[in-house]
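The values are calculated or read from the model by the stated rules, or taken from the named source; none is laboratory data. Everything numeric here is computed off the predicted structure, so don't read it as measured data. For neighbour counting, all protein chains shown are included, and Cβ atoms are generated from backbone atoms with ideal geometry for every residue, glycine included. Accessible surface areas use protein heavy atoms only, side chains included; no ligands, DNA or RNA. Shrake-Rupley method; radii C 1.70, N 1.55, O 1.52, S 1.80 Å.
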Amino acid sequence: MLGLNQVIHSTKRPVVIFDIDNTLYNFVDFFGPAFRAMVHVIGSRTAIPETELFASFKRVYSERGSLEYRYSIQELDVLNNYTKDELSSLLHASFVAFSKSRNLRLVPYDGVKEILNWLHRSGYKLIAYTDAPHKHSANRLKKLGIKSYFDILVAWGPSLTNEDFSTQYSEKITNSSGDWYITENDRSYMMGNMQVLTHPSEEKKPNIDLLCRLTNELSIDVQRSWVVGDSVEKDLVPGMELGFKGAWAKYGKKYEQKNWETLVSVSPWDTKTIKKEEKHNKTEPIEPDWVLDSFYSLRNAIKEIQLSLF
């Protein structure tokens, strides 16, 4: 059995904790066209109106709590009467349509690779922290070509109390400050040298307890560390309350309105959450230490503030 100190390595280095979606790449402008392409293929092959397909997808995503549920097509209620072979054909065609669109649009923001490389060479430990499922997040970092820069991925996974998923987990590591759920097979298969830490899916952002636990386990030098994200409330506030510097990725709020409307139309978010997101962070509970107009400007932010500490 692996001991905790063999899984999570302590470090005295400062860290930078990055949100992923609309911080490292444009999720809205990737997801919107890809989803519409997928729905269009299903609609053209089944003659089901696309409005009905959107509504059916929303029901599935709401039940599963994520837009990135891999079995969503199989669970569409409008396809209940389709045979296994018919569903298989639809799945293949849908995957092709979604993938073609994804491959055109799934790219990191300008400057992401250069700045991550600079931070890595400068001695920072880099952590990706997201509300998305850990398998999707791992694959996305790989497709973006930036997986090698990150030391740790923190993402959510199924709870060990869920009988449907409990056999997937090779080890549960418990410490005094809470539970980390470690999936050994996923770590070696999906991430190579990058550590994957998954937590119960109900522990969504903002979550100061999870960040506090991470800070303690990694012995993070908080004074020289940063949190970076496109949502001040979800990505920055918990870290800043612990003493991290906060950089708001303002550029992450730039996307095509049509793509935003597509995302909202099928999102599991409630009305309150949608309204918060649509405010575009104009009114925030805390002022970030730095506002980023592009990912490149993160280098200026860290240089200026870090130099002032010495």
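Only one residue in TYR124, TYR61 is under 25 Å from ASP19 (Cβ atoms), of a type in the set (Phe, Trp, Tyr) and touching a strand residue (DSSP E or B) at 6+ places or on another chain (Cβ under 6 Å), so which one is that? Outline the logic, then answer.
Values: TYR61 fails: touching a strand residue (DSSP E or B) at 6+ places or on another chain (Cβ under 6 Å).
One residue alone meets the criteria, TYR124.
Among (1) open to solvent by 90 Å² or more (accessible area, probe 1.4 Å); (2) free of Cβ contacts under 8 Å to residues at least 60 places away in the same chain; (3) over 30 Å from VAL228 (Cβ atoms); (4) in a helix (DSSP H, G or I), there is one condition GLU86 misses while meeting the rest; what is its number?
Here GLU86 meets the rest and fails (1).
Working only within the range 188-226, note down all residues that are part of a strand (DSSP E or B), over 14 Å from the mean Cα position of the chain (by Cα) and under 19 Å from ILE146 (Cβ atoms). I'd like the intermediate steps shown before the answer.
Taking the range 188-226 first, the residues part of a strand (DSSP E or B) are 195-200, 226.
Subsequent filtering for residues that are over 14 Å from the mean Cα position of the chain (by Cα) retains 195, 200, 226.
Scanning the range 188-226 gives GLN195, TRP226.
Quick check: is even one residue across the range 40-48 open to solvent by 10 Å² or more (accessible area, probe 1.4 Å), without any contact (Cβ under 8 Å) to a residue 24 or more places away in the chain, in a loop (DSSP other than H, G, I, E, B) and of a type in the set (Gly, Ala, Ser)?
Yes.
Restricting the range 224-245 to residues that are more than 14 Å from CYS212 (Cα to Cα), of a type in the set (D, E, K, R) and modelled with pLDDT of 95 or more, which is surrounded by the fewest Cβ atoms within 10 Å (Cβ to Cβ)?
If we take residues in the range 224-245 being more than 14 Å from CYS212 (Cα to Cα), of a type in the set (D, E, K, R) and modelled with pLDDT of 95 or more, then LYS245 is surrounded by the fewest Cβ atoms within 10 Å (Cβ to Cβ).
If you check ALA132, ALA128, ALA155, which single one turns out to be at pLDDT 95 or above and either assigned to a strand (DSSP E or B) or more than 30 Å from LYS303 (Cβ to Cβ) (or both)?
That would be ALA128, the only listed residue that is at pLDDT 95 or above and either assigned to a strand (DSSP E or B) or more than 30 Å from LYS303 (Cβ to Cβ) (or both).
Mind counting the residues in the range 246-262 that are open to solvent by 30 Å² or more (accessible area, probe 1.4 Å) and in a helix (DSSP H, G or I)?
Qualifying residue count, the range 246-262: 4.
Determine which member of the set ARG36, ARG59 is basic (Lys, Arg), under 22 Å from ASP131 (Cβ atoms), at pLDDT 95 or above and in a helix (DSSP H, G or I). Write out each step before concluding.
Values: ARG36 fails: under 22 Å from ASP131 (Cβ atoms).
Only one candidate passes the filter, namely ARG59.
Can you say whether SER66 is within 19 Å of SER137 (Cβ to Cβ) and surrounded by 13 or more Cβ atoms within 10 Å (Cβ to Cβ), as far as the supplied structure shows?
yes
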